[in-house]
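Note sheet for the following structure.
Values quoted throughout were computed directly from the atomic coordinates according to the rules given, and no laboratory measurement underlies them. All of these numbers come straight from a predicted model, not from anything done at the bench. No Cβ is skipped: glycine too gets one built from the backbone with ideal geometry, and neighbour counts run over all protein chains shown.
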Amino acid sequence: MTDDKEIALPADPNDPEDRPASTAGLVMAHRGRKLQLARTGLGLSQEAFSGLLGVSSVELQAWEQVRQKIPEDVFAKLLDIKASQ
């Protein structure tokens with residue numbers, strides 16, 4: 001397991017608004033992107049998809065925009081949704 005503070009990508013020294021990205025942050029971003037790609041691949045809106053997952057659309061949006069960590073059980077639900085489509 002990696003340290004949440006471990007820097008995977010340093011900030012661009014030429015961009016005053018850029019920030020370093022931690023390993024944990026990159027993993028979280030990747031998971032959010034996978035969730036969004038699964039939803040759009042199924043042709044579902046955030047509202048419809050969140051209903052299938054049993055969460056609010058606000059929660060789903062926060063996960064897709066990498067503002068909150070995605071709970072592990074969500075990916076298990078995702079597999080069930082994909083199998084039933």
Practice prompt. Along each of the three principal axes of the Cα atoms of segment 37-85, give the extent in whole Å, ordering the values from largest to smallest.
Written response: 28, 21, 18
Worksheet item: So how do 74-82, 6-14, 52-60 stack up, highest first, on mean other-Cβ count within 10 Å?
Response: 52-60, 74-82, 6-14
Discussion item. Given the -39500 (n - 2.57) contribution per DSSP H run of 4+ residues, what per-residue ellipticity at 222 nm results for the chain, rounded to the nearest 500 deg cm²/dmol?
Written reply: -17500 deg cm²/dmol
Practice prompt. Using only the Cα atoms, work out Rg/Rh for segment 2-59, with Rh taken as the Kirkwood radius, to two decimals.
Written response: 1.16
